[in-house]
1. Residues of region A:216-275 being outside any helix (DSSP H, G or I) and within 21 Å of residue A:289 (Cα to Cα), which ones?
2. Being under 20 Å from residue A:358 (Cβ atoms) and at pLDDT below 85 is the filter here; which residues of region A:370-397 pass it?
3. Can you pull out every residue in region B:92-118 that is crowded, with 17+ Cβ neighbours inside 10 Å, within 11 Å of chain A (Cβ to nearest Cβ) and out of contact with any helix residue (DSSP H, G or I) (no Cβ under 9 Å at 6 or more places or on another chain)?
4. Looking at this structure, is residue A:154 crowded, with 19+ Cβ neighbours inside 10 Å and without any contact (Cβ under 8 Å) to a residue 60 or more places away in the chain?
5. Quick one: is residue A:335 more than 23 Å from residue A:185 (Cβ to Cβ), part of a helix (DSSP H, G or I) and outside the structural domain of residue A:384 (by TED's automatic domain parsing)?
6. Quick check: anything in region A:113-122 at pLDDT 90 or above and in contact with a strand residue (DSSP E or B) (Cβ under 8 Å, 6 or more places away or on another chain)?
């Protein structure tokens, strides 16, 4: 039988409490264990004595006491010179509004988890564990590794943080841009994992919810950082489109073919709000641009409305100017160009790119295949589709590509 | 916290006899860096090139002596600093500034702290 009051409290404030403990004691393991003990205590006591008026404060106090006990036991075992115990939280601390009590502890914890000294394959997992409170099992499933593997990764990362002396501090101005970018990149990677499950049913749907929450927190804590706001927008746009990503046969539906009526409007509105803030800050980073692109697509209200290809093309031109020349941008621009100026114009552009660079890159061959098909070069199109499939695409994309390849063979007329 | 900053560079940027303008220039930069470190520096030295190295190897109890460094690598250990700073970020900030002739790697390793005085 679940204890719903405890579940609610943990969902609402668990991460904040854990973060505050981690920051106070500079020890992730102690903080985690203390918090776990507090939850176990709550599960016993609350059903019996009633839910406390302030569940968060109760959890924090109880966890704090558990950590102090553990410290005392540790000192007894190792016989170090006893240090004075850390200060007890005052009544005022606990009575204060939750947000005021521990706002930037969570931010500090995020920066610690994404520190360059932490192994890259552990950063996202550690953030999800410590800041979002996902279980090791949930994270292992999301990352498609076994639970022991993931547990070991987390243990190593925590040990590295402790042994190497990673500080629980927000980086200074010199390090700030690179460190913030590392945090945002880690979150992007974490979200991409959730997004891979295009159907979004079951456990992954919950995991995406954690990413929405985490990007919201980051945007709230860093309202002057356009890239952080842009990420919050991007994740919401992507999540909003989830219901339309697959058709009833489980095949991937391209953006321009998705029915906007199936998109989640409230998430899009929330994303638009972040995008407006980005615009007000004159954001011009990579994510700001990506958010604008998503926003353009998600402004569409129905399939009857023409797809915004001209605007998309303009955005790609803008990106190439602002962010610099990039072959992947060129490739995606060609897709938009095909819609505005026709497939031959786009094919001419693609053929100017260095094919060797793209040899192992699936999307290049997929785009090429489509343009070759549309300009009547069927045999070359077939070769290109075969190449993409040989590169091992994800299941939903694989089926889509196989269908396209098969349609070439039997001369079927595709809708477009 | 104590950290060792281990300096790895392709030593071929330096002439074999370790004299001349390139070496003078880097030495001057290290002297300036030592000034900057002040009391944070507990020690450190430049090492003569790997051509001067001799390695004593113990393998399954047998000890043998070899001409040359521990391993042949693209970048070689050429020197180190021993520093005392509050945390890893402070050590990394200093590691960024360790003088290099051109490219290289500064490995930042925490030092096992000596036991507290009895």
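The values are calculated or read from the model by the stated rules, or taken from the named source; none is laboratory data. Given the structure is predicted, the values throughout are model-derived calculations rather than measurements. When we count neighbours, we look across all protein chains shown, and the Cβ atoms used for this are built from the backbone with ideal geometry, even at glycine.
1. Of everything in region A:216-275, those that are outside any helix (DSSP H, G or I) and within 21 Å of residue A:289 (Cα to Cα) turn out to be A:222, A:223, A:224, A:225, A:241, A:254.
2. A:392, A:393, A:394, A:397
3. Within region B:92-118, just B:92 meets the criteria.
4. Details: crowded, with 19+ Cβ neighbours inside 10 Å: yes; without any contact (Cβ under 8 Å) to a residue 60 or more places away in the chain: yes.
Spelling it out, residue A:154 is indeed crowded, with 19+ Cβ neighbours inside 10 Å and without any contact (Cβ under 8 Å) to a residue 60 or more places away in the chain.
5. On the way: more than 23 Å from residue A:185 (Cβ to Cβ): yes; part of a helix (DSSP H, G or I): yes; outside the structural domain of residue A:384 (by TED's automatic domain parsing): yes.
It is true that residue A:335 is more than 23 Å from residue A:185 (Cβ to Cβ), part of a helix (DSSP H, G or I) and outside the structural domain of residue A:384 (by TED's automatic domain parsing).
6. Within region A:113-122 (the criterion being at pLDDT 90 or above and in contact with a strand residue (DSSP E or B) (Cβ under 8 Å, 6 or more places away or on another chain)), the answer is no, since none of the residues qualifies.
For every residue, the table says whether it meets (1) touching a strand residue (DSSP E or B) at 6+ places or on another chain (Cβ under 9 Å); (2) surrounded by fewer than 11 Cβ atoms within 10 Å (Cβ to Cβ); (3) within 12 Å of residue B:101 (Cβ to Cβ); (4) in contact (Cβ under 8 Å) with a residue 60 or more places away in the chain.
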site: B:24; (1), (2), (3), (4): no, yes, yes, no
site: B:27; (1), (2), (3), (4): yes, no, yes, no
site: B:39; (1), (2), (3), (4): yes, yes, no, no
site: B:42; (1), (2), (3), (4): yes, no, no, no
site: B:52; (1), (2), (3), (4): no, no, no, no
site: B:60; (1), (2), (3), (4): no, yes, no, no
site: B:66; (1), (2), (3), (4): yes, no, no, no
site: B:76; (1), (2), (3), (4): yes, no, no, yes
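Let's see how each residue does on (1) touching a helix residue (DSSP H, G or I) at 6+ places or on another chain (Cβ under 8 Å); (2) assigned to a helix (DSSP H, G or I); (3) more than 14 Å from chain B (Cβ to nearest Cβ):
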site	(1), (2), (3)
A:132	yes, no, yes
A:155	no, yes, yes
A:168	yes, no, no
A:177	no, yes, yes
A:180	yes, yes, yes
